[in-house]
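Accompanying notes for the structure given below.
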Amino acid sequence: MNEKDYLYDLLVHDLVGPLAVVATTVNSLLGKTERYGDLTGPQRDSLERIRRNTQKARGLVQDILEVARSEENLFHPERFTVQDLIKEALLEGLESVNPGAGDELARAGSDAEIEKILAHHSISVAVSGRYAHTPFYHDRKKVLHIVRNLVSNALKYRKEQMDLAVSGDVDLVITVSNDGAAISEQDREAVYKRFVRLETNDAKDVPGLGLGLFCVKALVERMRGEISVTSRKGFSTCFTVRVPFLELTQEEDML
């Protein structure tokens, strides 16, 4: 068994089961108050946070498996709105570094409220071009994985600001930038390697496995897209991803 196969086996057999138990237990506590007793507001909020993050953890396991499936060209295309996908990616990204901000965003009831919360946490979002009003067509889970990981990475390494922009009239162009420390030229390829994390003196840095950008690059390449990074001292670090619109001929190849 090679290293990659061992990782996938670990994720499937050693993580899926315990996560399912956690999810079932939390759902019971939230939904069966007649058996377990009434919850206070803070208790309910805490359990809701556990439930969301358990769902996220299960999603991350699934995402790693999606990389494996993408290597075999297994895609499941569908039409989806970019705005909804961005909201989901931002919620999961925020909860990974600032659970309180994630709670605020999860409770937001309108686009105006979401925009206000994001601005308060120094996050800007701009959607322009065709897909501001028209659904995009590709594998939604894989696109979500890409955006979520780019957002999480930017939030971990920013000083204050993170910007997310989505544009494009044919292909989908995703740009995520932050005002954190620059990535040196010699490290720009290393950030895509599995289990590699760049050293940083930033106290806000959140530990991780070094799999996020590795998975992003693997998916982008399998989706016949492109990923690039620009970074200079005194300027923001910016990752740009281009995801091709899935034409009929591509769809037939991937199914």
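The values are calculated or read from the model by the stated rules, or taken from the named source; none is laboratory data. Computed from a prediction, not measured in an experiment: that's the story for all the values here. No Cβ is skipped: glycine too gets one built from the backbone with ideal geometry, and neighbour counts run over all protein chains shown.
Selection over segment 46-82 of residues that are modelled with pLDDT of 80 or more and either exposed (fewer than 15 other Cβ atoms within 10 Å of the Cβ) or not in a helix (DSSP H, G or I) (or both) gives a count of 6. None of GLY109, GLY100 is in the same structural domain as VAL176 (by TED's automatic domain parsing) and closer than 18 Å to MET162 by Cβ except GLY100. Checked against (1) under 17 Å from the mean Cα position of the chain (by Cα); (2) in a helix (DSSP H, G or I), GLU115 meets all criteria but (1). Within segment 147-194, restricting attention to residues that are farther than 19 Å from GLU221 by Cα and at pLDDT below 80, which residue is surrounded by the fewest Cβ atoms within 10 Å (Cβ to Cβ)? For segment 147-194, the residue satisfying everything is GLN186.
Conditions (1) surrounded by 12 or more Cβ atoms within 10 Å (Cβ to Cβ); (2) at pLDDT below 70; (3) small (Gly, Ala, Ser); (4) assigned by TED's automatic domain parsing to the domain that holds VAL61, marked per residue:
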| residue | (1), (2), (3), (4) |
| --- | --- |
| MET1 | no, yes, no, yes |
| LYS4 | yes, yes, no, yes |
| LEU15 | yes, no, no, yes |
| PRO18 | no, no, no, yes |
| VAL21 | no, no, no, yes |
| LEU29 | yes, no, no, yes |
| ARG35 | no, no, no, yes |
| ASP38 | no, no, no, yes |
| GLY41 | no, no, yes, yes |
